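Presented below is the structure to which this report refers.
The values are calculated or read from the model by the stated rules, or taken from the named source; none is laboratory data. Computed from a predicted structure; not experimentally measured. Please note: Cβ atoms are built from the backbone with ideal geometry, for glycine as well, and neighbour counts cover all protein chains shown. All accessible areas refer to the heavy atoms of the entire protein, side chains included, with ligands and DNA or RNA removed. Shrake-Rupley method; radii C 1.70, N 1.55, O 1.52, S 1.80 Å.
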Amino acid sequence: MLRRSLPVLVTCVAASSACAQQNTGTSNDWPTASATEVGIDHELIDRLLSAARNDAFPNLHSIVLVKDGRLVVDEYFGEFDAETRHYTASVTKSVVSILLGIAMDLGLLPGLEEGVLDFRLPELFPEYRDVLDGDSEKANIRLRHILSMSAGLAWDEKSHPYNDPRNDWVRVRSQRDPVRLVLQQPVAQEPGEVFNYSGGLSTLLGYLLERDAGMEATDFAERYLFGPLGISDYVWWNLAEGLIDAPGGLNLRPRDMAKLGQLFLNGGTWKGQRIVSEEWVEVSTRRQIEIDRSPDYAFQWWCGDFYYQGRHVFMYMASGHGGQKIFVVPDMDLVAVLTHQVFNNPTGELHNTSIMSRYILPAADSLGLRDQVTAMDAAALVAYTGAFVTVSDSTDRFTVDLRDGKLYATAPDTPVIELVPVTSTWFRGTILDLIDVDFFFDVSAAGQVTGGRTAYGFNRSDPFVREGR
């Protein structure tokens, strides 16, 4: 259970190219407000900014917070400032999803009402019939499967880093015809059944956009998305043969990243102007496939219930390798942008979870700075000691023991965690001084601790039971 408490979100991307589409300029048309004016706990935000300035989150570059459509926090660290473009990595995938929705709205692609999500590979890519004809398995792959990373095509971006030619994305991105190589991959799983993160699938989406729009993706974005949003300073890299780098080639200023989040929070409008249909906003951020111990996946967006300080809230996010995030929290009318440089660093990837769960969400939720601690004596705590095992994996064990009147949880390859009582059955532990993990114990009518569950961030850990039961 504890060993599984250090998630590495599969939010990977690559950027490699010999050319880029670039536009430069400056603008800042955000209305502003103080934290207090929009009902945010300013003390908690001040604590966050103080911690960031004191290097509590190494290689953090920016924090941008928008509440009720007003810019509340716009802070930069190190050599970064408000005018610095940031490599957004796989946030690019979410932007391509927005552009596809706009293309559908304009009739350049068939729309939702025409059943476009169920179009199959041979319908989507008739020019690649030599690859697809006669392959009944690939004929079952639909656009919805490409968008949700569940196409079932063999693909491996996990086993090797992004500078290793054995990584499938590294192999594809330098091809003269990357679309062909992606479509040539064999079917490994039933379409729609298994999530498998693939920059190759996003490349197919970028190709569809440029082919059917009849223009480069940057020109399309400039006309229908970036221009209307006032995004005038960006770089978007191409792949080796000129196709747009749809999986991860976009560089934006953090303020402009926030505009994309606010656009969706507004249901697809910006300053009263319809940019993308509300239907596409809704369907593209709705869970399409469930992922264990991770946010779920929609159409090139991640989504799910985020747990923090005893509460949870639905959010969706654009997420990029190295810690780039656009969080959209509809129930709080909140957009948060965080940018980092923590590549290939699982601990660094935890910074975003820590910032959201310890500071931003509690501040927006008026949880304030309350001290969640309940006094319990050693006689009461001893009931929680023992060995526990997860329900689904008998090799995943942890023990709880009592030392000097305090409870500690220990698991293989995981730091020892002190469990501090919040209530008589709810304890909180902190991993690496970053992530607060809550333990909810089940107690029988006879007062016996029988098991429980853990919760933090997007993690949905399996329930655990006392070993031997």
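Quick one, could you list the DSSP H helices from the chain stretching 18 Å or more along their long axis (Cα atoms) with average Kyte-Doolittle hydropathy of 0.0 or above?
91-105, 199-213
Restricting the calculation to Cα positions, tell me the Rg (one decimal) and the Dmax (whole number) of the chain in Å.
Both quantities, over Cα of the chain: 23.3, 73 Å.
What's the magnitude of the charge dipole for the range 42-112 around its Cα centre, counting Lys and Arg as +1 and Asp and Glu as -1 at the beta-carbon? Answer in Debye, nearest 20.
260
Quick check on my link table: of K158/K259; K138/K158; K67/K325, which ones sit more than 19 Å apart, alpha carbon to alpha carbon?
K158/K259; K138/K158
State the percent of C-alpha pairs, over all pairs in the range 362-439, separated by a distance greater than 17 angstrom.
Pairs farther apart than 17 Å: 52 percent.
Hey, if you put +1 on the Cβ of every Lys and Arg and -1 on every Asp and Glu Cβ in the chain, which of A364, Y408, W301 ends up farthest toward the positive end of that dipole?
Value: Y408.
Express the C-alpha Rg of the range 229-344 as a ratio against the empirical globular expectation 2.2 N^0.38 Å, rounded to two decimals.
That ratio works out to 1.12.
So, with a 1.4 angstrom probe, what is the percent of accessible area on the chain that is carbon and sulfur?
Carbon and sulfur: 46 percent of the exposed surface of the chain.
Towards the positive end of the charge dipole of the chain, with charges on Cβ (+1 Lys, Arg; -1 Asp, Glu), say which of F440, P110, H321 has the farthest Cα.
Going by the Cα projections, it comes out as F440.
Accessible area per residue of the chain at 1.4 Å probe, in Å²?
39
Would you kindly find the accessible area of L225, with a 1.4 Å probe and non-protein molecules such as ligands, DNA and RNA excluded, rounding to the nearest 10 Å²?
So the heavy atoms of L225 present about 0 Å² to solvent.
Note down the relative contact order for the chain as a percent, whole number, built from C-alpha pairs under 8 angstrom at least six residues apart.
Rounded, it is 20 percent for the chain.
Can you give the charge dipole size of the chain about its Cα centre, rounded to the nearest 20 debye, using +1 on the beta carbon of Lys and Arg and -1 on the beta carbon of Asp and Glu?
Dipole about the Cα centre, nearest 20: 540 debye.
If I model a spin label at D292 and D442 as a point 7 Å from the Cα along the Cα→Cβ vector, what separation in nanometres do I get?
Rounded to a tenth, the inter-label distance reads 1.9 nm.
Under the 0.36 nm per residue contour assumption, what length would be gained going from the current alpha-carbon distance of E113 and D46 to full extension?
19.4 nm
So, in Å, what gap is there between the alpha-carbon centers of the range 201-223 and the range 393-469?
Cα centres, the range 201-223 to the range 393-469: 48 Å.
Please work out the Cα convex hull volume for the range 149-230 and give it in Å³ per residue.
Per residue, the Cα convex hull of the range 149-230 comes to 130 Å³.
How would you rank 124-132, 242-250, 338-346, highest first, on the average number of other Cβ atoms within 10 Å across their residues?
Ranking, from highest mean packing down: 242-250, 338-346, 124-132.
Would you pull out the residues with amide H under 5 Å of G248's amide H, same chain only if 5 or more places away, H placed 1.01 Å from N?
Those qualifying (amide H under 5 Å, at least 5 residues apart or on another chain) are A14.
Would you work out the charge dipole size for the range 334-469 about its Cα centre, treating the Cβ of every Lys and Arg as +1 and the Cβ of every Asp and Glu as -1, and quote it to the nearest 20 debye?
So the magnitude is around 180 debye.
For the pair A82 and K158, how long in nm is the line joining their label points, each one 7 Å along Cα→Cβ?
4.2
Could you list log10 I(q)/I(0) for the range 133-288 at q = 0.12 Å⁻¹, which the Debye formula gives when each Cα is one point scatterer?
-0.60
Using a 1.4 angstrom probe with every protein chain in place, what is the largest-first accessible-area order of E37, E241?
E37, E241
To one decimal place, what orientation-averaged projected area in nm² is obtained for the convex hull of the Cα set of the range 294-359?
Result: 4.4 nm².
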